[in-house]
Each structure stands twice: as C-alpha cells, then as structure tokens.
Amino acid sequence: MIRLVRAELLKIRSTRMWIGMLVLSVGFALLGLIFLILLAGSDFGNEESGFPPVTDPDTVRAFYANASSGVLFMMILGIIGITGEYRHQTITQAFLATPRRSRVLGAKLVSYFVFGLVFGVATVLVTVAVAWPALAIKGGSTSLLDNDVPAILGGTVLAMGLYALVGLGLGALIRNQIAAIIVAVAWVQLVEAILTFAVPDVGQWLPAGAVRAITHTSGGFGGPGGLPTLPAWGGVLVLLAYGLAFAAIATATTIRRDIT
C-alpha cells in the first residue's frame, strides 16, 4: 500500500497542474484577504452598513479564514486526478499492475488527501504572512493563539484535504473532466450560495456551511455575517461525512465499471 501511495504522489508531482492549482488557491485566498484589509473599518458614511474594524474579533477571524476560500481548486485537482486517468487510459495500466482496484483507489484517496493537507498548510502560511503584519499595522490583534485562530487555520488545512476527496468522488462519478469541473465550479460558486441565501438552515449542512463552522465565520468563505452556523466540531463531522461519502462513491463506481 505504501508503494502505491508513493506512486500516486509521484503522479501528482510529475505534472505542473498541481502548481497551477496551488497558485490559484493561494491567489484566490489573498484576493479576498486584501479586500478585507482595505475595507476593514470603513463605514462609507453609514456605520450600520460599514465593515467592522480590525479590533473586532470577527474581523480577525475573517482575515485568517480567507485561507479556506481556495478549497475549490483542491477539489478541481482531485477531479483532474481521476478523470485524467480515464481520459488518457492510464488507469487501465494501473489496474493491470495492481488487479485489486480497491488498493489503487485507496492509494489515490490517501495521496490526494495528503496532498490536500499540504495545499492547506501552504495556503495557511501565505495567509498568515500577509494577515499578521496587516493586523499589526492597522492595530488589530497579532496573537495567533486568540480569537479561534488555531482552530481556523487547522480547520482550513483539514478542509483542503477533504475537498480533495470530494473532487475524486465527483470525478469518478462523472468521468468527463470538463463536465465534472463545470459541475464543481457551479456548485461551489452558484448553487451553494443560492441555497444558503434562500434556505439558511439548509445551507449550514452543505460543504461550504461546514467550512464556515470549522473556520468560525458565519458569512461564507472568509467573511463575517449572520448565517446559521454549526459548532466547529459539527462542521468537522459534516465535512468528513461528505469526504468519506464521495470517497465511497469513487471506490464503488471505479471498481464496478468497465474501464476499457
């Protein structure tokens, strides 16, 4: 099993796709963070509709929680990881070398989960490197131990790993790379947002709602707000359930299908 995991990690590293996804993940997180940095404390002449100052604990949480906004790109990397195998028929060679398909899929799931954790660590480090001095300059809290910061950063890392499993499962289910990516982007950027806005009590049980709970925010990825939110441990369990469910989908669909 260890040999198979190493082989899968080598597959990921042998292409430049992971670099592109990492750059997009970090860039997307930083874009939202810079937006918050520039607008924190701005009232636009109306205190009720303004942005809370950096002295507000919710703003501090939002700064660090922006790291989680890049989970979509880890999900896309997971999709590419499995659909690319079907597209180029390399999965046939993998199954011929290791006839027990469950072992191959298990190695792929472990590899992408680990890679997702690495993605999460990288994104968190860059976010902290920008958020911490920004808070210091603007007079906010610079402690990395207060305001739920450890839970937010740790939750972001976990979310990255679990979203990789969701991507693998979705890719195994749809198999067409472009279609799977379109579904993923539409779900994360559109469908979840609409459902959360229309039925907030349902939204808290969706993957994005679980990320909100893990990162201690209540207004979407990396933003303050007043949406219903699960406790942090509930968010972990919900996101873990999604990750395991899609991992099971990936395993079941790949084992049973004809890959020729």
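The values are calculated or read from the model by the stated rules, or taken from the named source; none is laboratory data. Bear in mind the structure is a predicted one, so any value in this text is a computation, not a measurement. Here the Cβ positions follow ideal geometry from the backbone for every residue, glycine too, while neighbour counts run over all protein chains shown. Just so you know, the surface numbers come from the protein's heavy atoms only, side chains and all, with ligands and any DNA or RNA stripped out. Shrake-Rupley method; radii C 1.70, N 1.55, O 1.52, S 1.80 Å.
Quick notes on this one:
- 13 Å beta-carbon shell around Gly169, net charge (K/R +1, D/E -1): +2
- Answer label for Rg and Dmax of the Cα atoms in Å (calculated), chosen among [x] 21.0, 70; [y] 24.1, 72; [z] 19.2, 67: [z]
- Each peptide in 19-28, 137-146, 181-190 was scored by the mean count of other Cβ atoms within 10 Å over its residues; highest first, the order is 19-28, 181-190, 137-146.
- In the chain, a dipole from Cβ-located charges (positive for Lys and Arg, negative for Asp and Glu) runs towards its positive end, and of Ile194, Gly139, Gly155 it is Gly155 whose Cα lies farthest in that direction.
- Helix-derived mean residue ellipticity, 222 nm - over the chain, DSSP H n ≥ 4, -39500 (n - 2.57), to 500: -23500 deg cm²/dmol
- Rounded, prolate or oblate (a/c below 1.5 giving rounded, otherwise prolate when a/b exceeds b/c) for segment 92-208 by Cα gyration tensor: oblate
- Accessible solvent surface per residue of the chain, calculated while the other protein chains remain in place, 1.4 angstrom probe, Å²: 47 Å²
- Sequentially through segment 142-158, phi angles give Karplus couplings (6.51, -1.76, 1.60; θ = phi - 60°) of 9, 6, 8, 10, 9, 6, 6, 4, x, 5, 5, 5, x, x, 5, 4, 5 Hz, Gly and Pro residues having no value and appearing as x.
- Relative contact order of the chain, pairs being alpha-carbon contacts under 8 Å that are 6 or more residues apart, as %: 25 percent
- Per-residue ³J(HN,Hα) for segment 14-30, Karplus 6.51 cos²θ - 1.76 cosθ + 1.60, θ = phi - 60°, Hz, x for Gly and Pro: 6, 10, 8, 4, 5, 5, x, 5, 5, 4, 5, 4, 5, x, 5, 5, 5
- About its Cα centre, the dipole of the chain is roughly 1680 debye, where the only charges are +1 on Lys and Arg Cβ and -1 on Asp and Glu Cβ.
- Taken along the Cα-to-beta-carbon direction at a fixed 7 Å, the label points for Arg13 and Val114 span 1.0 nm.
- Computed accessible area, Thr90, all protein chains, 1.4 angstrom probe, square angstrom: 50 Å²
- To put it simply, the accessible area of the chain at a 1.4 Å probe is 70 percent carbon and sulfur.
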